[in-house]
Amino acid sequence: MKTEGETVAAETAAILEGILKRYRDDDGNIISILQDVQDVFGYIREDAVNWFSKKLDIPASRFFGVVTFYAQFHLRPRGKNIVSVCCGTACHVKGGSKIAEQVKKELHLNSEGETTNDKRFTFEVVRCVGACSIAPVVLVNSKVYGDMTVDSTSKLIKKLKEGAGAKK
Ligand code: FES
């Protein structure tokens, strides 16, 4: 009989068992478990956390504490392409917020962290990526685009939607 915290589909349970096997003898290694969960599912699934919590007898709050502490972890599904607009000081002064608005408009998204329905794009805001000399900047995955304007942002997003430079 299943108990609370173990209620995941059989296929998911098999994946989680595989991760657990790697870290069972190192049950304090919450970060590695979470990294593997995110690698497999693309984000930190709550049911997966509850499953590990039960199996390892570690409160789920400890897992979520780690998730919220480290920026690398995400609690919501993300798109294949992450479009990040820098809103650090230099970029902000040079119109970063207008660029962010344009990205949202082009992707039909309302706020930071949202993902398009087709799961191709997620819009995020970042704070200074160390490219202030070419502010304002937009990142698509790890590629940096500098000296952006509302127009060039619009063109960039249109190109990405057509597939140029974006993960399909
Ligand atoms: S503030 Fe945007 S790169 Fe530094």
In the set K80, K55, the lone residue that is in contact with a Lys or Arg (Cβ under 9 Å, 6 or more places away or on another chain), closer than 29 Å to S152 by Cβ and surrounded by fewer than 18 Cβ atoms within 10 Å (Cβ to Cβ) is K80
Among residues of the range 84-123, those that are under 15 Å from A166 (Cβ atoms) and part of a strand (DSSP E or B), counted: 5
Inspect the range 140-151 for any residue being assigned to a loop (DSSP other than H, G, I, E, B), within 15 Å of the ligand (Cβ to nearest atom) and either of a type in the set (F, W, Y) or at positive phi (or both) and give the result as yes or no. yes
Those residues of the range 85-119 which are away from the ligand (no atom under 16 Å from the Cβ), modelled with pLDDT under 95 and of a type in the set (D, E, K, R), in sequence order: E114, D118, K119
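The values are calculated or read from the model by the stated rules, or taken from the named source; none is laboratory data. Because the structure is a prediction, the values reported are computed rather than measured. FYI the Cβ positions are ideal-geometry reconstructions off the backbone, even for glycines, and counts take in every protein chain you see.
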